[in-house]
Amino acid sequence: MAGASPVSGQSVPSVRPDIRVRNIGGTLVIAVPEQAFELVETTAFIWKRIDGVLSVDEIGQLLAQEYEVDIETAVADTIEVLSELAQYGAIHV
């Protein structure tokens, strides 16, 4: 796994340009060197909002609105997901 900096609410994630993304039968799949990941619904929701502009807090707020959960939980979940994606080298933070 690639080394990654810690993800915080103020981090602004961006997708690495060399990451391959496919929609296979309605399921989003991302491929990093030597591995591929099938994204569950909420992770795909987060992934689709990684644009190099929105902060982690902002993505978490969108997640909270979409899934009707409290903002603190949604932001914590977003940090967890993005931390894992950063560890696998799929995103920059």
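Here are the numbers for the structure shown:
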read-out	value
Residue count for the stretch 37-79, restricted to those that are assigned to a helix (DSSP H, G or I), in contact with a strand residue (DSSP E or B) (Cβ under 7 Å, 6 or more places away or on another chain) and either free of Cβ contacts under 8 Å to residues at least 24 places away in the same chain or surrounded by fewer than 17 Cβ atoms within 10 Å (Cβ to Cβ) (or both)	1
Failed item in (1) assigned to a helix (DSSP H, G or I); (2) without any contact (Cβ under 8 Å) to a residue 60 or more places away in the chain, with residue 82 passing the rest	(2)
So residue 9, is it surrounded by fewer than 18 Cβ atoms within 10 Å (Cβ to Cβ) and touching a His at 6+ places or on another chain (Cβ under 9 Å)	no
Count of residues meeting criterion [over 20 Å from residue 26 (Cβ atoms) and of a type in the set (A, V, I, L, M)] in the stretch 36-82	13
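Rule-based calculations on the coordinates, nothing more; no lab input. Keep in mind it's a predicted model, so treat the numbers as computed, not measured. Note that we place each Cβ from the backbone using ideal geometry, even for glycine, and neighbour counts take in every protein chain shown.
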